[in-house]
Amino acid sequence: MLEIKNLHARIAEDGTEILRGIDLKVNAGEVHAVMGPNGSGKSTLSYILAGKEDYEVTEGEIIFHGENLLDMEPDERAAAGVFLAFQYPIEIPGVATMEFLKTAMNAQRKARGQAELTIPDFMKLVRAKAADLNVTMDMLKRPLNVGFSGGEKKRAEILQMSLLEPSLCVLDETDSGLDIDALRIVSEGVNKLRSPERAMIVITHYQRLLDHIVPDVVHVLSKGKIVKTGGKELALELEKNGYADYVGEAA
Amino acid sequence: MNAPTPINHTQAEAGLVARFDAVRPSLAGSIAVTALRDAAAEQIKATGLPHRRVEEYKYTDLRAFMKSAAPLAAPATSAEAKSVLDGFESYGALDRYRIVIANGTFNADLSDVDALAAEGVTVTDFNDGLAGENGSELLATPKMAGQDGTLALNTAFVQGGVVISVKDGADVSKPVELVQVAVGEGAQVSRNRIVVAKGATFKLLETFAGDTGAGETNVVFDYDVADGAKLAATRLMAGKAEGAKLFTTLARIGADAEFKALGFLAGPAFARNQQFISFTGENSEAKIYGVTMARDRDLADQTLIVDHAVPHCNSREFFKTVLDDEARGVYQGRINVAPHAQKTDGEMMTQALLLGEGAEMANKPELEIFADDVLCAHGATCGEMDADLLFYLRARGIPEAEARTLLVLAFLSEAIEEFDEDTVTEELGARVRAWLAA
C-alpha cells in the first residue's frame, strides 16, 4: 500500500536536514510502530506523508496505492486515503465541529466522485461513532477543538479518523497528553479501525501505547534513518534499555 | 485678517459648490434649515472635502478619491423604484416590514406605513420635519463630530429621508428594512431619524439597492434610544460600487437602554462607516460591531467614537476586517470617558486578516479616560491566514479554496455571532461567502 524509498527531507526555511534516507514498506492490514528519541524525525515523517509545506523532499519517493504521493496536494492525499492524527490538534475558533466534519466528509466524497451525505445520514453516522469515543454532543456543538482538554482533542481526532475511513492512518504521538482512561478509549477507537484493507503507522515515544495498539512491525528511527526493524518485542526491549544502543549504531 | 486662505478647489469641490447653487432653491426646509445648509456648503467651499491632513480622514482621503461631483439623483417614480427593488436581494425570505427611500426621498407607496402604524410605529417624511418649526433640530450634530466633512455634505445636500418613531413600550414583531433605492445614476443624500421611545424594542435593517454610478451615497442614521429601549441596527453594504459610500451614525442612548449595531461593508471602491455614539443615561449598554471586506485597490473605513458621558455604562466594540490584493482597511475607534463617568466598562478590539501581500490595515484604537474608576481595554491585531489552520483543514480533505473560505468565514463570524441577531446571521454569512466567491 505504502512504499517509502530513500526519503531525504529538510526544513524548507533553513535547510536543516531531518530525514536522511528512510525506507519503509507498509502493507494493507499491517500496523507499524515508529519509535525513536526526540528529534529523530518521527513527526517530520508524518507531516511529509500528509503534505505539510514546511518540509522539502530532496531525494526519494513515496508511493501510495501505486501513485506518487509527493505529487499530490494535502487535500488530494486525504481524499486518496491518508489521515494524519495530529500530535497537537489545532483549535479553530469560529468553525463548528459538526460543520467541519460535514465539510471534510463531503469534500472527500466529492473528490472520489461519490454523492454528498444527506444531513440525516451524516447525523446518524456521527452520533454512532461519537458515542463509541465518548465524544459528547456538547463537544460537537463547540468550535473545532476550542476549549477541548488534551484527551478530548485526541478523541476528536480519532472520531474524525473513524468518520473519514482512511486506508492509511498515521498517528503522531496520539498517546501524548492522555491519562490512562483516555489512552484506553482512544486505543479502543483505533483498534476498531484495524482491518485487512487498512494500514497504520503509529508514531510514539513510549511502549505503553503499544500495549493497547499492538503493532505487527516496530521500527526505530534515529537521526533521520530507520536503524532497526523488528517485531512487537522490539518495543519492549526499547522500553527496558532505552534508545542508546540504536542512537549509537546510527552515529 | 483671520480668514483662511481660500483653497484651490478640486474638480469635485468646484462641482459640489456649483451643485449646491443649482439645487439650493429646490431643497426642503425652513429658513433655519436653509441657514444650516448654507453654513455647511460654506464649510465645504472654504475647507474642501476631507483629506489626509484632516486627522479623522488621515487614511481615508475623500478629496483624493472623488474625481467629480455627480448631480443629485432626480426624483424617482414608485414604478421605477419598485423595479429596482424587485431585482434586489437583501434578506431573502426574511419576514420583515419595509420602508423605502428612493433617490434620497421617502416613498410612502412602497413602504409598509399602515402595517407599521398598527404596531405603534409612525413613519413620516423627513422633509416634512425639515419644513416644520423644529426642522433645524433634525440636522443637529453632536459636538464630538466636530466639523466633520461627511456630515457637512449631508447637511448641505440632504434630499430627504424618514422619521421613524416607535412608541413607548412597543415591541415591533418583525424587523424593519430601511432601504435606500437608487434609480439611475446620481448622488444620493438622505437622513433618517429613528426614535425608539421608552421601553420599546426595534430591529432595523439598513440596506442599499441600485447603482448610483459615480455619485456618492451619503446617509445619516440618527438614533434616539430612550430609557429602557432596545435598538438593534444592521447596516449592510454589499456589492461593487464606484461612488463613495459615506454612512454616519449618530446615537444617543438613554438610561437602562441597549443599543447594538453591526456595520457590514463588502465591495465598494470607497466606503466609510462612521459612528458617533453617546450615553446620556446610566446603566446602559452599547455593542458595536464591524465586518469589513475589501479587495483590489478599494478602501473601507470603520470609524467611531463612543462617548461615555455618564457613569455605569458598558460598551463593547469589536471589528473584523479582511483585506485582499492591495485593499486598504481603516479602523479608528475611540472611547471617551468623562471625568465623572465612573464604573465605565469599555472593551474595544479590532482584528484584521490580510490575504493579499499588498493589503494594508490602519488600526487606531484610542482610549481617552478622565475618570479613575473604570475598566477599559483596547487591542488590535493584524495578520496573515494561519498556515497551520489551513494545513489542518486541507489534511482532512478540504480543498484549499474551500478551506480559506471556511477560515475567513470563521474569522468574521466571531463578530457576527457576538452581535447575536438571529434574523441576520445567516444572510451575513452568505454575503461573506459571496464576497469570497466573487
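The values are calculated or read from the model by the stated rules, or taken from the named source; none is laboratory data. These numbers come from a predicted model, not from an experiment. Note: ideal-geometry Cβ built from the backbone for every residue, glycine included; neighbour counts use all protein chains shown.
A:ALA199 falls short on exactly one of the conditions (1) more than 16 Å from the chain's Cα centre (by Cα); (2) crowded, with 19+ Cβ neighbours inside 10 Å, and that condition is (1). Hey, can you tell me all the residues within the stretch A:227-251 that are assigned to a loop (DSSP other than H, G, I, E, B) and touching a residue at least 60 places away in the same chain (Cβ under 8 Å)? Scanning the stretch A:227-251 gives a single hit, A:TYR243. The set of residues in the stretch B:18-44 that are buried (at least 18 other Cβ atoms within 10 Å of the Cβ) and either in a helix (DSSP H, G or I) or touching a Cys at 6+ places or on another chain (Cβ under 7 Å) (or both) comprises B:ARG19, B:PHE20, B:VAL33, B:LEU36, B:ARG37, B:ALA40, B:ALA41, B:GLN43, B:ILE44.
Selection within the stretch B:429-438: residues that are away from chain A (no Cβ under 13 Å) and part of a helix (DSSP H, G or I). The member of this set that is surrounded by the most Cβ atoms within 10 Å (Cβ to Cβ) is B:ARG431. For the condition in a strand (DSSP E or B), in contact with an Asp or Glu (Cβ under 6 Å, 6 or more places away or on another chain), more than 9 Å from chain B (Cβ to nearest Cβ) and not basic (Lys, Arg), A:ILE63 qualifies. Residues considered: A:TYR206, A:TYR243. Of these, the only one that is among the aromatic types (Phe, Trp, Tyr) and out of contact with any helix residue (DSSP H, G or I) (no Cβ under 8 Å at 6 or more places or on another chain) is A:TYR243. Is it fair to say B:THR155 is of a type in the set (S, T, N, Q) and surrounded by fewer than 24 Cβ atoms within 10 Å (Cβ to Cβ)? No. Of the candidates B:ALA371, B:ALA410, the single residue that is buried (at least 16 other Cβ atoms within 10 Å of the Cβ), assigned to a loop (DSSP other than H, G, I, E, B) and touching a strand residue (DSSP E or B) at 6+ places or on another chain (Cβ under 9 Å) is B:ALA371. Against the list (1) within 14 Å of chain A (Cβ to nearest Cβ); (2) free of Cβ contacts under 8 Å to residues at least 40 places away in the same chain; (3) within 22 Å of the chain's Cα centre (by Cα); (4) buried (at least 24 other Cβ atoms within 10 Å of the Cβ), the condition B:LEU393 fails is (3).
Among the residues of the stretch B:326-352, just one is closer than 18 Å to B:LEU412 by Cα and part of a loop (DSSP other than H, G, I, E, B), namely B:ALA327. Scanning the stretch B:401-421 for residues that are at the interface with chain A (Cβ under 7 Å from one of its Cβ atoms) and free of Cβ contacts under 8 Å to residues at least 24 places away in the same chain gives B:GLU402, B:LEU406, B:ALA410, B:SER413.
Scanning the stretch B:191-224 for residues that are among the acidic types (Asp, Glu) and part of a strand (DSSP E or B) returns B:GLU206, B:ASP222, B:ASP224. Quick one: is B:ALA362 in a strand (DSSP E or B), farther than 21 Å from A:THR97 by Cβ and modelled with pLDDT of 95 or more? Yes; evaluated as a whole, the condition is true for this residue.
The single condition from (1) touching a strand residue (DSSP E or B) at 6+ places or on another chain (Cβ under 7 Å); (2) assigned to a loop (DSSP other than H, G, I, E, B); (3) away from every other protein chain (no Cβ under 13 Å) that B:MET385 fails is (3). When B:ALA255, B:ALA286 are screened for being more than 15 Å from the chain's Cα centre (by Cα), not acidic (Asp, Glu) and not in a strand (DSSP E or B), only B:ALA255 passes. So, B:GLU384, is that one farther than 30 Å from A:ARG109 by Cβ, surrounded by 14 or more Cβ atoms within 10 Å (Cβ to Cβ) and charged (D, E, K, R) or not? Answer is no for this residue.
For the stretch B:342-359, check the following and say yes or no: at least one residue is within 14 Å of chain A (Cβ to nearest Cβ), touching a Leu at 6+ places or on another chain (Cβ under 7 Å), on the phi < 0 side of the Ramachandran plot and surrounded by fewer than 21 Cβ atoms within 10 Å (Cβ to Cβ). So far as the stretch B:342-359 goes, no, none of its residues is within 14 Å of chain A (Cβ to nearest Cβ), touching a Leu at 6+ places or on another chain (Cβ under 7 Å), on the phi < 0 side of the Ramachandran plot and surrounded by fewer than 21 Cβ atoms within 10 Å (Cβ to Cβ). If only residues of the stretch B:260-318 that are of a type in the set (Lys, Arg) and surrounded by fewer than 24 Cβ atoms within 10 Å (Cβ to Cβ) are counted, the one that is nearest to B:LEU236 (Cα to Cα) is B:LYS260. For the stretch B:85-142, the tally of residues that are under 22 Å from B:ALA182 (Cβ atoms), out of contact with any helix residue (DSSP H, G or I) (no Cβ under 6 Å at 6 or more places or on another chain) and part of a helix (DSSP H, G or I) stands at 5. Restricting the stretch A:66-112 to residues that are closer than 18 Å to A:GLU53 by Cβ, part of a strand (DSSP E or B) and touching a helix residue (DSSP H, G or I) at 6+ places or on another chain (Cβ under 9 Å) leaves a set whose member that is farthest from the other protein chains (Cβ to nearest Cβ) is A:VAL82.
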